[in-house]
Structures are given as C-alpha cells and as structure tokens.
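*Asks:* I'd like to ask you about the structure that follows.
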Amino acid sequence: MCLIALTGLTLSSCENTEDEIFEESASARVQGLMDDTQKTLASAEHGWVFDYYPDRELSYGGYLYTLKFTQSEVTAYAEIATDVTKSYTSLYSMTNDDGAVLSFNSYNQMLHFFATPSSSRYEAYDGDFEFKVLKLEEDLITLKGKRSGNVMYLRRLSEDPAQYLQKCVETSENIFISELSGTIGANAASAVIDFDIRYITIVAGAEEAGAYYLPTPTGIRFMSPIEIN
C-alpha cells in the first residue's frame, strides 16, 4: 500500500513539473513574438500599408491605411480622411491576450473610426483596434481582428506612406467600369464590380466566384485568391 501511494505521488509531481515548464515555454514564445513584431514594425523605414476590413459580415468592404511605427507611437494616413496626406499620431502597444496582440490603445481619429460607437451606431461599424498576430514575416504581417475575426495584412512599404496612399486613391477613382468581359482559359468570362463594397463577382462557364479588393498604385489586390475553372 505504501508503494502504491508513493508511486501516485511521484506521478503527480512529474505532471505538475511538466505543466509548469509548458506554461513558461508558451509564455516565452508569446513574449518573443511580441518583441519581434514590435521590432519589425519599427524597422520599416517607410512604414506599412494596412489592408483593413471592418465588420464580421464585411458589409462595407475594405479600406486602406498606411502606418509608420516607432517603438511606442504609430502615425496613420487614412483613405477615409478628407485629406489623405494628413497624418494622425497616437500610441500603440504589444500585449499578451491569449497570444501576441497589436493594440492601438490610445484614441486615434482614423484608426478608431470604425470601432467608435455613436448614438446612432451603438456597435459602430464592427471595426477592430486590436489584432492578434497570426504570422510574422519580414515584409508581411498577418493579423486577425479580435472583434470581427477578419484576417488583415500589414505589407512593408518601399516609398513614402502619404504618396503611396494618394496613388491608391487615384487608382480607385479611375476604376469606373462596373461590367467586364473576356476569357479565362477557353471559357468566356464576365465580371461585375460593386463599387460600394469593393467586391468583384466573376462568372466563367458554369462557375461563379468573387472576392473583396483594395486598390494599389497599379491595380487592385484581392482580399483572398479567386479560384475559378
């Protein structure tokens, strides 16, 4: 009986030790990702373009920001601003909330626009200001909105953030044809563009597919790949 009791005690002790090691390891991994993300954000000379998609139903499509980070501040240029060359600076932080989270934790008129409630919109536009870091790469950071659950991207810029955004706005203004036709492989294809939510529906043969898009200086970029035929 004594042997059985001792064996049980030994097993319990091993399990507790393994749990503690695992928790410390997980915490260390998250802290490492937080530190690496902050370092990568601040390392971009020209900043980042932010593919931002508010609302879990994607009712409004997507919008562009360009962001320039220091170790504690973020300066934003926004497509939704009246003057896209005007900057808005506020604080940000990296936090551990069941993973590494990028948080715009002080008020920024542009970055909080879709998340700030009003008397007519008590849930605002279902937008995010906190984002879980899904994947960190040197030139691409994949994020997930904590509120909406939408996947979004930060892409390293190689030119002035205000000038880049201005070029994107010009591209958007120059997309004025709502119906297109052509071919995909051997099949005749057509497309319809919904400018209000920036969504393209493509029909090729018997197949139909669609995706949200955002403007770039030279064209458009889909939220996710389109596969058809």
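*Asks:* Between Y107 and N187, 0.36 nm times their residue separation minus their Cα-Cα distance comes to what?
*Replies:* Working: separation 80, 0.36 × 80 = 28.80 nm, distance 5.06 nm.
Length gained, Y107 through N187: 23.7 nm.
*Asks:* Here's a follow-up. For segment 117-164, rounded, prolate or oblate, judged on the Cα gyration tensor with a ≥ b ≥ c (square roots of eigenvalues), a/c < 1.5 rounded, else prolate if a/b > b/c? Numbers along the way, then the final one.
*Replies:* Numbers: a/c = 4.69, a/b = 1.60, b/c = 2.93.
Verdict is oblate for segment 117-164.
*Asks:* Could you give each residue of segment 137-147 its phi-based ³J(HN,Hα) in whole Hz, using Karplus coefficients 6.51, -1.76, 1.60 with θ = phi - 60°, and x for Gly or Pro?
*Replies:* 10, 4, 10, 8, 10, 9, 10, 9, x, 5, 8
*Asks:* For helix 161-174, what angle does its Cα long axis make with the longest principal axis of the chain, in degrees from 0 to 90 and rounded to 10?
*Replies:* 50 degrees
*Asks:* What whole number of Å gives the distance from the Cα centroid of segment 210-229 to the Cα centroid of segment 169-191?
*Replies:* Using only Cα atoms, the two centres lie 11 Å from each other.
*Asks:* Moving on. How far apart, in nanometres, would the label points at E227 and Y122 be if each is projected 7 angstrom from Cα along the Cα-to-Cβ direction?
*Replies:* Taking the simple label geometry, E227 and Y122 are separated by 4.2 nm.
*Asks:* Helix-only mean residue ellipticity at 222 nm, the chain, DSSP H runs n ≥ 4 weighted -39,500 (n - 2.57), per residue, nearest 500. What is it? Write out the running numbers ahead of the final one.
*Replies:* On the way: 2 runs with 56 residues, N = 229.
Theoretical 222 nm ellipticity from helices: -9000 deg cm²/dmol.
*Asks:* Where the only charges are on Cβ atoms (+1 Lys, Arg; -1 Asp, Glu), what is the dipole of the chain about its Cα centre, to the nearest 20 debye?
*Replies:* Details: 16 positive and 34 negative charges, 84 e Å.
Dipole magnitude for the chain comes out near 400 debye.
*Asks:* Between Q163 and S72, with labels modelled 7 Å along Cα→Cβ, what's the label distance in nm to one decimal, could you check?
*Replies:* The answer from the label model is 3.1 nm.
*Asks:* Quick one: which of 125-132, 66-73 comes out on top by average Cβ neighbours within 10 Å, and what's the full order, highest first?
*Replies:* Numbers: 125-132: 20.4, 66-73: 17.2.
In decreasing order of mean packing, 125-132, 66-73 become 125-132, 66-73.
*Asks:* Apply the Debye scattering formula to segment 161-229, with a single equal point scatterer on each alpha-carbon and no solvent, then give log10 I(q)/I(0) at q = 0.26 Å⁻¹.
*Replies:* So the normalised log intensities work out to -1.17.
*Asks:* Got a number for carbon plus sulfur as a percent of segment 35-82's accessible area, 1.4 Å probe?
*Replies:* Heavy-atom surface of segment 35-82 belonging to carbon and sulfur, 1.4 Å probe: 41 percent.
*Asks:* May I ask for the angle, rounded to the nearest 10°, between helix 2-43 and the longest principal axis of the chain, with both axes built from Cα atoms and the value confined to 0 to 90°?
*Replies:* Tilt relative to the chain: about 30 degrees.
*Asks:* Taking each pair of different alpha-carbon atoms in segment 112-229 once, compute 1/r for the pair, average those values, and report the inverse of that mean as the Kirkwood hydrodynamic radius in Å to one decimal.
*Replies:* Working: mean 1/r = 0.0595 Å⁻¹.
16.8 Å is the Kirkwood radius here.
*Asks:* Averaging sequence separations of C-alpha pairs under 8 Å and six or more residues apart, then dividing by the length of the chain, give the relative contact order as a whole percent.
*Replies:* Details: 434 pairs, mean separation 36.4, N = 229.
Contact order relative to length: 16 percent.
*Asks:* Hey, could you get me the Stokes-Einstein D for segment 15-135, Kirkwood radius over alpha-carbon pairs, 37 °C and 0.692 mPa s, rounded to whole µm² s⁻¹?
*Replies:* Details: Rh = 15.9 Å.
Approximately 206 µm²/s, per Stokes-Einstein.
*Asks:* Still on this structure, I have one more. Just to make sure I understand: if all protein chains stay in place, what is the order of T216, T89 by accessible area at 1.4 Å, largest first? Before the final figure, lay out each step's value.
*Replies:* Working: T216 15, T89 75 Å².
Most to least solvent-accessible, the answer reads T89, T216.
*Asks:* Between Q31 and S87, what is 0.36 nm times their sequence separation minus the Cα-Cα distance? Round to one decimal in nm.
*Replies:* On the way: separation 56, 0.36 × 56 = 20.16 nm, distance 3.02 nm.
Result for the pair: 17.1 nm of gain on full extension.
*Asks:* So, counting K/R as plus one and D/E as minus one, what does the shell of residues with Cβ under 14 Å around A42 add up to? Can you show the working numbers first?
*Replies:* On the way: positive: K39, K68, R156; negative: D35, D36, E45, E73, E138.
For residues surrounding A42, the net value is -2.
The values are calculated or read from the model by the stated rules, or taken from the named source; none is laboratory data. Only a predicted model underlies this, so the values are computations on that prediction, with no experimental measurement involved. A quick note on method: Cβ atoms are made from the backbone with ideal geometry, for glycine too, and the neighbour counts reach across all protein chains shown. Surface areas here come from the heavy atoms of the whole protein model, side chains and all, with no ligands, DNA or RNA. Shrake-Rupley method; radii C 1.70, N 1.55, O 1.52, S 1.80 Å.
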